[in-house]
Every structure is written in structure tokens, then in C-alpha cells.
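Read the figures in this text as sums done on the coordinates, not as results from a lab. The structure displayed is predicted, hence computed values, not measured ones. Cβ atoms come from the backbone with ideal geometry, glycine included; neighbour counts cover every protein chain shown.
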Amino acid sequence: MKSGTIITIVVVALLALVGFMGCNGYNGLVQQDEVVKKAWNNVQAEYQNRADLVPNLVNTVKGAANFEQETLTKVIEARSRATAIQLNADQLTPENLAKFQQAQTELSGALSRLLVTIERYPDLKAVQGFQDLQRQLEGIENNIKNSRKTFNEAVNGYNVKVRSFPMNLLAGMFGFAAKEGFQAEPGSDKAPEVKF
């Protein structure tokens, strides 16, 4: 064989190898991106489950005599703000995620205040329908926590792949960028003060 033929075969083989690795890397990025999107959709589904439960909870509580209307109004308004923010996985910028998280935090706070207020109504706490709704809400809150954790794990796996060499070169060429995950609420690193 001539040396020119050998060089051509080696170059073609190297190009084929690089092309195969590039395709494999690109497909891996797409797969990780889809895992993040699926995890985000699961987070949104859990938040939607909570938002869907709020009207039933509010209607059950409305039946209690002299229940604080202002508390119910704040829950309804917080639910409205929380459901107004709809993001898909491609819109997960730090700013958008912060807005989403703020609205969900407001709803969580309003629901917490509602449940604290209910402590003053022993008749309402004894209603089976209310107890069922409260258990459902607790279950949904746990599901939200788990979905957020799964989402953050998916984002972490994706970000490691996007930022690792040489995949970062391929990711940059095809527009794959690092994504933002959920962050702890400001001040959550400090232990709450408990007074008796």
C-alpha cells in the first residue's frame, strides 16, 4: 500500500471516530436535557395538585362559622399568583425560577397561616372532610419536596455533562447551557428561635 492511501485511511478512520463520539455526546446531552424537562414537569404537576386542592380546602373551611375571611382571601390570592406563573424547562433562568419559587412560597405561607388559624376551630378540625384534605395537603407537600429534589439531581447531572470537557465544546456549539435548580429560601440556613 502506498503511504498516501494509509494516511487517507487513518484520517477517515479518525474523522469517523470523532463523528461517532460527537453524535454520541450530542445524543447524551439531549437525553440529559429531556431528563431535566421531565423532572420539571413532575415538579409543576405536584404544585398543580396543591393548587387544585386549595379550592376544596377553602370551601370546607368557609363552612365554619365566623371563620376569618381575610385568611381565606389571602389563600385564594396566593393560589391565583402561583398558578399564573407557568414555565417550561427551557425558560428556567435564575430570574424566572426565582419568580416561580416566590409565588409558590407565598402560597405555602398562606396555607400555613390558614392551618394555624384553624387551630381555633375545634369543630372544623373534627370534620372528616377537612381531615382528609389536610392529609392530602401534607402528602402533596412531601411530593413537592421529593419532586424538587429529583429535579435538582437531574439539573446537576445535566450541568456536569454540559460543563465537562470536551462535552462543553459540543454543548456550546449546539446551544446547550447550564440550567438553574431550586435554591433554599433566604434565611433557611439559620435555626428558628424557639421560645416557651
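Taking packing as the residue-averaged number of other Cβ atoms within 10 angstrom, the listed peptides 43-49, 3-9 run from highest to lowest as 43-49, 3-9.
For a paramagnetic label modelled at 7 Å from the Cα of residue 17 toward its Cβ, which residues of region 150-167 fall within the zone defined by backbone nitrogen distances under 12 Å? No residues fall inside that zone.
Dipole check for the chain: with +1 at the C-beta of Lys and Arg, -1 at the C-beta of Asp and Glu, and the Cα centre as origin, the magnitude is about 420 Debye.
For Rg and Dmax of the Cα atoms in Å, the value computed from the atomic coordinates appears in the list (1) 16.5, 51; (2) 25.7, 101; (3) 25.1, 97 under label (3). What the phi angles of region 12-20 give under the Karplus curve with 6.51, -1.76 and 1.60, with θ = phi - 60°, is a coupling list of 5, 5, 5, 4, 5, 5, 4, x, 4 Hz, glycine and proline written as x.
Helix 128-163 versus the longest principal axis of the chain: what is the Cα-based angle in degrees, 0 to 90, to the nearest 10? Tilt of helix 128-163: around 20 degrees.
For the residue pairs 145/179; 38/74; 38/179; 74/179, alpha carbon separations beyond 23 Å are given by 38/74; 74/179. Mean residue ellipticity, 222 nm, helices only, the chain: the sum of -39500 (n - 2.57) across DSSP H runs of n ≥ 4, divided by residue count and rounded to 500, is -27000 deg cm²/dmol.
Just checking the listed ones, 39, 84, 13: in the Gaussian network model of the chain with Cα springs under 10 Å, the one fluctuating most is 13.
In this rough spin-label picture, where each label sits 7 Å from Cα along the Cβ direction, the residue 116-residue 164 distance is 4.6 nm.
The H on the amide N of residue 87, modeled in the peptide plane, is under 5 Å from the matching H of no residue at least 5 residues off or on a different chain.
Between 37, 179, 62, the residue with the greatest mean-square fluctuation in the GNM of the chain (Cα pairs under 10 Å linked by springs) is 62.
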